[in-house]
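The values are calculated or read from the model by the stated rules, or taken from the named source; none is laboratory data. Predicted, not measured: the structure shown is a model, and the values here were computed from it. Here Cβ is always computed from backbone atoms with ideal geometry, including for glycine, and neighbour counts include all displayed protein chains.
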């Protein structure tokens, strides 16, 4: 798992291309950038695909697990986070990455995302955020901007969007970042930090939909993004993170990079059954030898 | 002169907060520690303070596994006890109440003919030993021990056990109070006549609830992950596992809602953990999408549904078998799953293990159908056989995929429909568990390939493969048999399912003994896959021989009757259906059967 000292690569790009399907995204889709940057991060971190579980919900971006190696769960719409909770608590040694769209994670799956965040399970949650429902051919999403004309808002959206960064800060996520699929090396760098973070890491991945969102385009983002690492931002300062989180709304500037990072005990490190008996899956399904002890009060 | 019974039946009732349930439990354990078989159940409401609650205990030398038809002794803590509980007293019964201590007015005291209402100064007696009013319950319980002529030493030992952590003084105060009640009753009252023989030195029996038995069974069956969201009456399963999970190695996770419960268990199952969850009707409605999902990705999960009175929020603390159609209809499309009814408390222990095995061997969801009465009532159970059911994990690959099986096909088409299964961490076994239609590798065929000739073939193959598991499973499950008289001489065949097993059985013995009716009983446990052929033949043979066939169910529409008709074409026309929220008593089945048979 650790990066090799002698630069010997145990796991290469081709390991993450085994038994995969060809991506079915539209040419130019932002999700291609997410895929290649994620693969790059995984290889750089020398993570074993056999011990990796990539979990998604439903949507264009949720086809992600099929396009990358490792084990995958392509679950139900909005349920990636819940599947990840069950998976991580069953085998805490797995590297678990959750990937899905803004509709999946911030709309139908919002509750699961918020609760997964406050649990601080050691996993990485990437929202591939294109501010539109793509697979259902272009309806407003929870991150569609006010005024956005979509198939469900033909006269313009009259709701304010969710602010994923501020919301994740409020949900006590211990790592909150944003990156842009138009900047592969920034993306891979943020992903590496997110995967390495011990705890719940949230990444808002700006990933343009070239077919249905003609407003939030690559150019739209290129004109507005700036890197937090290039400015005087302290990622351990929660209030500073909140302030940056609102810049897109208030100043039309989009910070990318790590907004906030803190260290807190993970859920699985405090879970008593795991603490006492170890990794449940690795231990196996066994008959507890001490079962009669728990029935003493029934006599 | 009242009938002398071979059982004792006791109830205590009052408000929430009066200590009704602990008194009921204490009396249950006095009986079980006296070597008796005990059946205890509580009736309550969806409030935390106030309301009217009761706890009924029935005990005998024989295995009484149904609620009692009558009450011999009632402790009426509040005036409402005379409205709700006293009418169920049998002749010769005794109601104990304390008019002064609990301010019960003379005009509130009403009992059926032949029942004595005794005003007992329980609070006053208790006040000699404690200023706590709740100690009056101990005084009352002492009187009950005297009325049934039980062994006071058993009660005293029990008080010692219960209050050990609180010290000598508290133990002695309680024992003194109990003795005061006992002596008062001995001096002032005639005991209840019965033929129950007690053995204070008997080996203690486990006294456990239907929900707890399921939980214990699943733990014994190697459960590794349990998720839940609180919902009456399923919560005790989760509470049991939350309390003891750390000791026995089960991760127990309360989730934010039932949708995420039902999905967390799939995530756990795909990862390789034995996983289960429990809920009631409304929660199950939220879980339904995940049940088809579990089946599609071929994940072994046990979903438990402990039904309560519906529809909607319905009667949260009352009994009904009204969710069968929901279980059968859960989730879109055709997909393999098993639905099995828990039939009694003891059955829960073994069913919990059997369900985990079926789920894992067939790589499919197993739904356990229970209900409030079954889940929440307690019984003494015969010593559990912890080794009876081995843990069977089926075609699970835990090391690495053998060379001849590479490249690995998670959804390999096989004769029995079951494919060798890997879990994350197994080398050469990577795949994606996809809720979309997929090929043998798990690659989805739902988008760009859908509709191409090869994808159409794959679709048919995968559907056939999955559904094949239902045929194979059906052969493994024991077919139901009618118990009691054969079709050649039975007057009536009673048909029931789930929690009504022992209630109908007791009614049959009443029909046989008291009314000379020859009875038979067809009880359904395995609901899906269904033994259509066998059930159809049984029903037809009794019908052809001229027996009456009567369906007994705890719901409005006779949902099992409809299921049987759908599966066999046989319509059961005579029905005793109850949907008042109350547990059906054996005597009520008996009366209904007599009525339906025009006897």
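Listing for the model above:
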{"item": "In segment A:60-90, the residues that are facing chain B (nearest Cβ under 7 Å) and surrounded by fewer than 24 Cβ atoms within 10 Å (Cβ to Cβ)", "result": "A:69"}
{"item": "Residue check, residue B:294 part of a loop (DSSP other than H, G, I, E, B) and either within 14 Å of chain A (Cβ to nearest Cβ) or at pLDDT below 95 (or both)", "result": "no"}
{"item": "Qualifying residue in segment A:19-34 (condition: without any contact (Cβ under 8 Å) to a residue 40 or more places away in the chain, closer than 18 Å to residue A:190 by Cβ and outside any loop (DSSP other than H, G, I, E, B))", "result": "no"}
{"item": "Any chance residue B:76 is farther than 19 Å from residue B:207 by Cβ, touching a helix residue (DSSP H, G or I) at 6+ places or on another chain (Cβ under 7 Å) and crowded, with 19+ Cβ neighbours inside 10 Å", "result": "yes"}
{"item": "Residue selected from segment A:229-249 under the condition in contact with a helix residue (DSSP H, G or I) (Cβ under 8 Å, 6 or more places away or on another chain) and not in a helix (DSSP H, G or I), by the criterion surrounded by the most Cβ atoms within 10 Å (Cβ to Cβ)", "result": "A:235"}
{"item": "Scan of segment A:255-266 for residues that are crowded, with 16+ Cβ neighbours inside 10 Å and out of contact with any strand residue (DSSP E or B) (no Cβ under 9 Å at 6 or more places or on another chain), ordered by number", "result": "A:266"}
{"item": "Hits in segment A:268-283 (condition: assigned to a helix (DSSP H, G or I), out of contact with any helix residue (DSSP H, G or I) (no Cβ under 8 Å at 6 or more places or on another chain) and more than 9 Å from chain B (Cβ to nearest Cβ))", "result": "A:270"}
{"item": "Any hit, segment A:43-54, residues being more than 9 Å from chain B (Cβ to nearest Cβ), modelled with pLDDT of 95 or more and part of a strand (DSSP E or B)", "result": "no"}
{"item": "Enumeration of residues in segment B:249-260 that are in a helix (DSSP H, G or I) and touching a strand residue (DSSP E or B) at 6+ places or on another chain (Cβ under 7 Å)", "result": "B:258"}
{"item": "Total residues in segment B:184-218, condition outside any loop (DSSP other than H, G, I, E, B), more than 17 Å from the chain's Cα centre (by Cα) and either within 14 Å of chain A (Cβ to nearest Cβ) or free of Cβ contacts under 8 Å to residues at least 40 places away in the same chain (or both)", "result": "1"}
{"item": "Count of segment B:444-497 residues which are within 14 Å of another protein chain (Cβ to nearest Cβ), surrounded by 19 or more Cβ atoms within 10 Å (Cβ to Cβ) and out of contact with any helix residue (DSSP H, G or I) (no Cβ under 7 Å at 6 or more places or on another chain)", "result": "1"}
{"item": "Segment A:284-297, subset assigned to a helix (DSSP H, G or I) and facing another protein chain (nearest Cβ under 7 Å), residue nearest to residue B:426 (Cα to Cα)", "result": "A:291"}
{"item": "Segment B:224-244, subset part of a loop (DSSP other than H, G, I, E, B) and within 14 Å of chain A (Cβ to nearest Cβ), residue nearest to residue B:349 (Cα to Cα)", "result": "B:224"}
{"item": "Residue within segment A:250-267 that is away from every other protein chain (no Cβ under 13 Å) and assigned to a helix (DSSP H, G or I) present", "result": "yes"}
{"item": "Any hit, segment A:128-137, residues being assigned to a strand (DSSP E or B), within 26 Å of residue A:85 (Cα to Cα) and under 14 Å from the mean Cα position of the chain (by Cα)", "result": "yes"}
{"item": "Flag for residue B:331 being in contact with a helix residue (DSSP H, G or I) (Cβ under 7 Å, 6 or more places away or on another chain) and touching a residue at least 40 places away in the same chain (Cβ under 8 Å)", "result": "yes"}
{"item": "Test: residue in segment A:218-228 that is within 14 Å of chain B (Cβ to nearest Cβ) and either in a helix (DSSP H, G or I) or modelled with pLDDT under 95 (or both)", "result": "no"}
{"item": "First in segment B:459-472 and outside the structural domain of residue B:336 (by TED's automatic domain parsing), second anywhere and assigned to a helix (DSSP H, G or I) and buried (at least 18 other Cβ atoms within 10 Å of the Cβ), Cβ under 8 Å, 6 or more apart", "result": "B:466/B:295; B:466/B:296; B:469/B:362; B:472/B:362"}
{"item": "Checklist (1) in a helix (DSSP H, G or I); (2) free of Cβ contacts under 8 Å to residues at least 24 places away in the same chain; (3) over 19 Å from residue B:10 (Cβ atoms) applied to residue B:131, failing item", "result": "(1)"}
{"item": "Tally, over segment B:486-506, of residues that are under 17 Å from the mean Cα position of the chain (by Cα) and either in a loop (DSSP other than H, G, I, E, B) or without any contact (Cβ under 8 Å) to a residue 40 or more places away in the chain (or both)", "result": "0"}
{"item": "Some residue of segment B:523-536 being over 21 Å from residue B:347 (Cα atoms), in contact with a strand residue (DSSP E or B) (Cβ under 9 Å, 6 or more places away or on another chain) and surrounded by 15 or more Cβ atoms within 10 Å (Cβ to Cβ)", "result": "yes"}
{"item": "From the options B:206, B:152, residue that is farther than 30 Å from residue B:391 by Cβ and in contact with a helix residue (DSSP H, G or I) (Cβ under 7 Å, 6 or more places away or on another chain)", "result": "B:152"}
{"item": "Members of segment A:117-133 found to be within 14 Å of chain B (Cβ to nearest Cβ) and either out of contact with any strand residue (DSSP E or B) (no Cβ under 7 Å at 6 or more places or on another chain) or surrounded by fewer than 24 Cβ atoms within 10 Å (Cβ to Cβ) (or both), listed by number", "result": "A:118, A:119, A:120, A:121"}
{"item": "Of all residues in segment B:420-443 being at the interface with chain A (Cβ under 7 Å from one of its Cβ atoms) and outside any loop (DSSP other than H, G, I, E, B), the one that is farthest from residue A:68 (Cα to Cα)", "result": "B:427"}
{"item": "Breaking point among (1) over 19 Å from residue B:376 (Cα atoms); (2) surrounded by fewer than 24 Cβ atoms within 10 Å (Cβ to Cβ); (3) at pLDDT 95 or above, for residue B:88", "result": "(3)"}
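Here's the yes/no breakdown for (1) farther than 14 Å from residue B:370 by Cβ; (2) more than 7 Å from chain A (Cβ to nearest Cβ); (3) assigned to a helix (DSSP H, G or I):
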position	(1), (2), (3)
B:222	yes, no, no
B:246	yes, no, yes
B:262	yes, yes, yes
B:267	yes, no, yes
B:270	yes, no, yes
B:284	no, yes, yes
B:299	yes, yes, no
B:305	no, yes, no
